[in-house]
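A short write-up of the structure that comes next.
The values are calculated or read from the model by the stated rules, or taken from the named source; none is laboratory data. Since the model is a prediction, treat every value here as computed from it, not as a measurement. FYI the Cβ positions are ideal-geometry reconstructions off the backbone, even for glycines, and counts take in every protein chain you see.
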Amino acid sequence: MHELAVTEYVFNLVKKQADAAGVSHVDKIHFLLGDQCEYVPEIIEEYLQVMSEGTALSGVKVDAVIKESTVVCKNCNHKFTRHEFKDVCPKCGSANLKLNRCTDFIVKNIEVS
């Protein structure tokens with residue numbers, strides 16, 4: 001349910017920009033989402049469908065690129081993605097690691113017609 005508040009924010013932001021630019025229809029909203037941001041793109045799109053009826057965003061689609069969190073070995077500075085994480089550095093075997101959680105939620109751009 002926490003997608004509702006962020007979807008309202010995105011809807012208002014995009015609608016305001018579309019209205020100011022005189023855009024007749026917003027076709028797609030492109031997002032960059034961190035794998036730890038906890039928002040589900042499909043739920044955001046469902047909420048947008050309901051909110052946007054009768055507006056320039058009616059029928060808008062969502063495209064989300066997921067950015068993975070990274071892990072850095074504090075011993076050898078090897079950087080790797082979170083999904084490769086197996087409790088130790090794949091390069092040197094050290095367990096002295098730092099997780100850089102990616103919680104990004106970014107509206108990258110919108111497609112209009």
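Couple of notes before you dig in:
- Residue, nearest to Val71 (Cα to Cα), within region 1-48, restricted to residues that are in contact (Cβ under 8 Å) with a residue 40 or more places away in the chain and among the basic types (Lys, Arg): Lys28
- Residue list for region 25-47, restricted to those being crowded, with 17+ Cβ neighbours inside 10 Å and β-branched (Val, Ile, Thr): Val26, Ile29, Ile44
- Which numbered condition Lys74 misses (of (1) crowded, with 16+ Cβ neighbours inside 10 Å; (2) in contact with a strand residue (DSSP E or B) (Cβ under 8 Å, 6 or more places away or on another chain)): (1)
- Selection from region 52-66 of residues that are part of a loop (DSSP other than H, G, I, E, B) and either polar (S, T, N, Q) or within 12 Å of Val14 (Cβ to Cβ) (or both): Ser52, Thr55, Ala56, Leu57, Ser58, Val60
- In region 67-80, residue farthest from Val26 (Cα to Cα) [restricted to those that are modelled with pLDDT under 95 and outside any strand (DSSP E or B)]: Ser69
- Residue among Ile29, Ile66, Ile43 that alone is among the β-branched types (Val, Ile, Thr) and in contact with a Gly (Cβ under 9 Å, 6 or more places away or on another chain): Ile66
- Scan of region 9-24 for residues that are buried (at least 17 other Cβ atoms within 10 Å of the Cβ), more than 17 Å from the chain's Cα centre (by Cα) and assigned to a helix (DSSP H, G or I), ordered by number: Lys15, Ala18
- Selection count, region 80-100, where residues are surrounded by 13 or more Cβ atoms within 10 Å (Cβ to Cβ) and either closer than 26 Å to Asp19 by Cβ or of a type in the set (D, E, K, R) (or both): 2
- Residue satisfying condition, being touching a helix residue (DSSP H, G or I) at 6+ places or on another chain (Cβ under 9 Å), part of a strand (DSSP E or B) and at pLDDT below 95, within set Leu33, Leu99: Leu99
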